[in-house]
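Chemist: Below you'll find the structure I mean.
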Amino acid sequence: MVAREILRVRNYRALWRMARVYPEPGQAVRRYFLGRGDYPYRCPVRTPAGTVAPTLYSSHDMFTVNEIFCREDYRSEPGVRAVVDVGSNIGLSALYFLTREPGCHCLLYEPVPRNVERLKLNLAEYSERYTLHESAVAAAPGPVSFGVEDTGRYGGIGVATGRTIELSSVGINDVLHDALEKHERIDVLKIDTEGTELELLAAVRPELLARVGAVYLETGERPGPVLDTFSTSFRNDTLVLTNRAT
């Protein structure tokens, strides 16, 4: 993983931002590009809300921090107030959104118990501004086999990791319906489920999708037909759908 990331040009586009984002840029560069350093590690990160220091547990978490805070894979318009985060992992994507906008509230979905524990630690300062559902999300509700692995970053429904846990999933339409009962619209829907992203998108009912401002999918593939109001583009490995009608 480290060797592959070193060869990717896109990571060097984020390099110039490291000096601004990280109070300890030399430490961050060593950990990100060379995979060096002990863990757990509290990683200082500058944000519009001040410096935060999420706890990271491996170099894989360092990759995630850089993708989110330096590459800005989830960069969005100012004023984001309602975020649905499917596949919240240890809370780094939620931390990004919560530190962009003081009025932001995140609805988080993460089923892996160890990730949940770490997420709660990383988001302790923002406990009143997020709601956590310890659930997997599928196209339709029902039992699923969820692959898990040591880093906590690459597991998912049907992922062959060699170790699985059995879960009851919630349906993506139920997730969005519940969110829209609390918020007039969803500003950001972020889905990172290690392989089922396009399946979830395809399952969303049109009347619910029409009330979503932007969708971020961790996939390098293009989607099937979506509402005409959405434009599509790629930001690194993230597929971005932007609703021009909202």
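The values are calculated or read from the model by the stated rules, or taken from the named source; none is laboratory data. All of these numbers come straight from a predicted model, not from anything done at the bench. A quick note on method: Cβ atoms are made from the backbone with ideal geometry, for glycine too, and the neighbour counts reach across all protein chains shown.
Chemist: Take A245 and tell me if it is modelled with pLDDT under 95 and hydrophobic (A, V, I, L, M, F, W, C).
Modeler: yes
Chemist: Restrict the check to region 93-115 and report whether at least one residue is among the charged types (D, E, K, R), under 22 Å from I157 (Cβ atoms), surrounded by 15 or more Cβ atoms within 10 Å (Cβ to Cβ) and touching a strand residue (DSSP E or B) at 6+ places or on another chain (Cβ under 8 Å).
Modeler: Applying the first criterion (among the charged types (D, E, K, R)) to region 93-115 yields 100-101, 110, 114.
Retained after the next criterion (residues that are under 22 Å from I157 (Cβ atoms)): 110, 114.
Imposing the further condition that a residue be surrounded by 15 or more Cβ atoms within 10 Å (Cβ to Cβ) reduces the set to 110.
From what's left, touching a strand residue (DSSP E or B) at 6+ places or on another chain (Cβ under 8 Å): 110.
Yes: region 93-115 contains one or more residues that are among the charged types (D, E, K, R), under 22 Å from I157 (Cβ atoms), surrounded by 15 or more Cβ atoms within 10 Å (Cβ to Cβ) and touching a strand residue (DSSP E or B) at 6+ places or on another chain (Cβ under 8 Å).
Chemist: On the given criteria, is V86 in the same structural domain as A203 (by TED's automatic domain parsing), buried (at least 23 other Cβ atoms within 10 Å of the Cβ), modelled with pLDDT of 95 or more and out of contact with any Cys (no Cβ under 7 Å at 6 or more places or on another chain)?
Modeler: yes
Chemist: While we're here: Could you tell me whether I191 is closer than 21 Å to T131 by Cα and touching a Phe, Trp or Tyr at 6+ places or on another chain (Cβ under 9 Å)? Steps first, please.
Modeler: Numbers: closer than 21 Å to T131 by Cα: yes; touching a Phe, Trp or Tyr at 6+ places or on another chain (Cβ under 9 Å): yes.
Judged against the criteria, I191 is a match.
Chemist: Given the structure, is G213 outside any helix (DSSP H, G or I), at pLDDT below 95 and either in contact with a Gly (Cβ under 6 Å, 6 or more places away or on another chain) or not basic (K, R) (or both)?
Modeler: The answer is no for G213.
Chemist: Filter region 54-87 down to the residues that are among the polar types (S, T, N, Q) and out of contact with any Lys or Arg (no Cβ under 6 Å at 6 or more places or on another chain) and list them by number. I'd like the intermediate steps shown before the answer.
Modeler: Filtering region 54-87 for residues among the polar types (S, T, N, Q) gives 55, 58-59, 64, 66, 76.
Selection gives S58, S59, T64, N66, S76.
Chemist: Please determine whether any residue of region 178-200 is assigned to a helix (DSSP H, G or I), buried (at least 20 other Cβ atoms within 10 Å of the Cβ) and free of Cβ contacts under 8 Å to residues at least 60 places away in the same chain. Outline the logic, then answer.
Modeler: Taking region 178-200 as the starting set, the residues that turn out to be assigned to a helix (DSSP H, G or I) are 178-182, 197-200.
Within this subset, residues satisfying the condition of being buried (at least 20 other Cβ atoms within 10 Å of the Cβ) are 179, 197, 200.
Cutting the leftovers down to free of Cβ contacts under 8 Å to residues at least 60 places away in the same chain gives us 197.
Looking for residues that are assigned to a helix (DSSP H, G or I), buried (at least 20 other Cβ atoms within 10 Å of the Cβ) and free of Cβ contacts under 8 Å to residues at least 60 places away in the same chain, one finds at least one in region 178-200, hence yes.
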